[in-house]
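These notes are about the structure you will find just below.
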Amino acid sequence: MSISIDHIAGRMAIISWALLCCSCATYNRQISNYYSQMVNTDYHKAYASIDNIRKLQTGRNRLLYLFEKGKMAHLMMQYDSSNRYFNEADLFMEDARTSAKDIAVGTLLNPMMQTYKGEDFEKYMVHYYKALNYLYLGQEAAALVEARRITLRSYSQQEKKYGYTEDAFSLMLQGIIYEQTGDINNAFIAYRNATNLYLENNDSYYGVPLPVQLKKDVIRTAVINGFSAEADRYRKLFNITSETESLSEGGELILFWENGLAPVKREQQFIFSLTKDGGGNFMFADALGNYHIPFQFANDTDRDNVKLENFRSFRVAFPVYEEQPLYFHHGVATVNNSNHAFENAENINTLAFATLKERFLKDMAVTLGRLAVKKLAEEAVRPDKDDKNKNEKEAMAVALQVFNFISEKADTRNWQSLPHTIHYTRIPLRKGKNLIFLQLKAGQDEKKIELNVQGTGRLQLRNVCTLK
């Protein structure tokens, strides 16, 4: 049966318009109602609204659903519920595999249609929130298990053998949890691993300078364990000559200040063309000549008959991060007439930008490969000069070209409720009641948060979140 050009054009116009409407908005805009409620600290509404976001009810976005529900439950101090979501997220990430369906939709449509498996730093942050939840619930043994799992996460990350394979903050957290549960030997090992990671990277790791508190912690735990040589080595390295401070009568509080919001992803357009180098190898080059990415056609492709003029213009939709400006730029904790400054512990904003940059060429090669397959499909349905069904085939080629253009979309998904930066400070406590005031500044604006902490003689952990 012959299909008219007008009929094909009309049907494709409807499909393309629907795709265009869906593809214009980034993931952040598509969940904007939830995001606004979260920013305005209306956590209960935000928690409920997640269930009304159709996009988050699909299997491919299940992990994002679990991330957001887990974080909102944590902020609502529903720590049991929070860990139910985070435990499921953990299992999801452990079991996540790239299925044939994922490969197919990624090739034919775009990566936004594939199952979201999480950014590397997002995986580490699940351990952070789970550990805090367990400690708030008084489940120290479970928190200790979470500390050990940070090591397993590091091992799995190191299989990538490039860029961000370990997380210094997670190693510090691991040491803190070990210390909190009385395992000083493993606390020292974790602090030492974190310290050495900083030292191997010129005293700075993804936007965070080596914290002074970490220097003190690695020396103090070395002394407690009787590792005199290690303690002396770090004293000399850090030029610290004073004796390590003993635990105060009421114990100590490690206070984490989660400030601001992590960057969101938007879409950026690149234009690439396919060229040949002197050795006959195919290379993708962008319009500005900044990138040259090799490309290998499939084995069944007749490379000699590839018409480069058909590959002169590729519109590539690629994700880039957009920073969410910080509102508060300074904070200090005051207790018992003593001020305690915060140090940076984790800069998720810097991590996001850096890790995306590290894998840019690899991800761009995959994207260009997908576009090349689409272009070859367009060329395959184009008619020859003497083809009897020339009009119909030309219409199909045009329709496929329009569909490919409209369906091309960057994957702009990410965990939206993560903080921009995590700061921390270690505060000595008196026995009994301690009123701690967290004083935050944003230009002329100030905010004071009051915490009531009972000094028990032990090490405790707390976190405070300011989203704007």
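A compact table of results
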quantity: ³J(HN,Hα) computed for each position of region 52-67 - Karplus, 6.51 cos²θ - 1.76 cosθ + 1.60, integer Hz, glycine/proline x; calculated: 9, 8, 4, 4, 8, 8, 7, x, 5, 10, 4, 5, 5, 4, 5, 4
quantity: Computed label-point distance, nm, for sites T41 and A96 using a 7 Å Cα→Cβ extension; calculated: 3.1
quantity: Cα gyration tensor shape for region 32-84, rounded if a/c is under 1.5, else prolate or oblate; calculated: oblate
quantity: Two-site label geometry, D80 and D203: point separation in nm, points 7 Å out along Cα→Cβ; calculated: 4.9
quantity: From phi via Karplus (6.51, -1.76, 1.60), per-residue ³J(HN,Hα) for region 414-427 in Hz, x at Gly/Pro; calculated: 6, 6, 7, 9, 5, x, 5, 9, 10, 10, 8, 8, 10, 10
quantity: Listed residue pairs exceeding 30 Å between alpha carbons, taken from K71/K357; K409/K441; K130/K448; K362/K468; K123/K215; K357/K441; calculated: K409/K441; K362/K468; K357/K441
quantity: R0 of 22 Å, Cβ-Cβ distance D445-E343: FRET efficiency to nearest 0.05; calculated: 0.45
quantity: Trypsin sites (Lys or Arg not before Pro) within region 124-171, DSSP loop, no more than 12 other Cβ atoms inside 10 Å; calculated: K160, K161
quantity: Note, ³J(HN,Hα) from phi for region 316-330, Karplus 6.51, -1.76, 1.60, rounded to Hz, x at Gly and Pro; calculated: 9, 8, 9, x, 9, 8, 10, 5, 9, x, 6, 8, 8, 10, 8
quantity: Theoretical FRET efficiency, 1/(1+(r/R0)^6), r = Cβ-Cβ of V320 and K160, R0 22 Å, to 0.05; calculated: 0.55
quantity: Residues with amide H under 5 Å from that of K468, placed H, sequence gap 5 or more; calculated: G260
quantity: Shape call, region 225-283: gyration tensor on alpha carbons, a/c limit 1.5; calculated: oblate
quantity: FRET efficiency for N336 and F360, using Cβ-Cβ distance with R0 set to 45 Å, rounded to 0.05; calculated: 0.35
quantity: Other-chain or far-sequence residues with amide H under 5 Å of V316's (modelled H); calculated: F270, I271, F272
quantity: Residues in region 425-468 that a label on V212 would reach, taking backbone N under 14 Å of a point 7 Å out along Cα→Cβ; calculated: 425-427
quantity: In region 245-275, the GluC sites (Glu not before Pro) that fall in loop regions by DSSP, at most 13 other Cβ within 10 Å; calculated: E245, E249
quantity: Length added when fully stretched, Q57-V145, from 0.36 nm per residue minus Cα-Cα; calculated: 28.6 nm
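Only the coordinates and a few stated rules stand behind these numbers; no lab work does. Small disclaimer: the values here were computed from a predicted structure and weren't measured. A quick note on method: Cβ atoms are made from the backbone with ideal geometry, for glycine too, and the neighbour counts reach across all protein chains shown.
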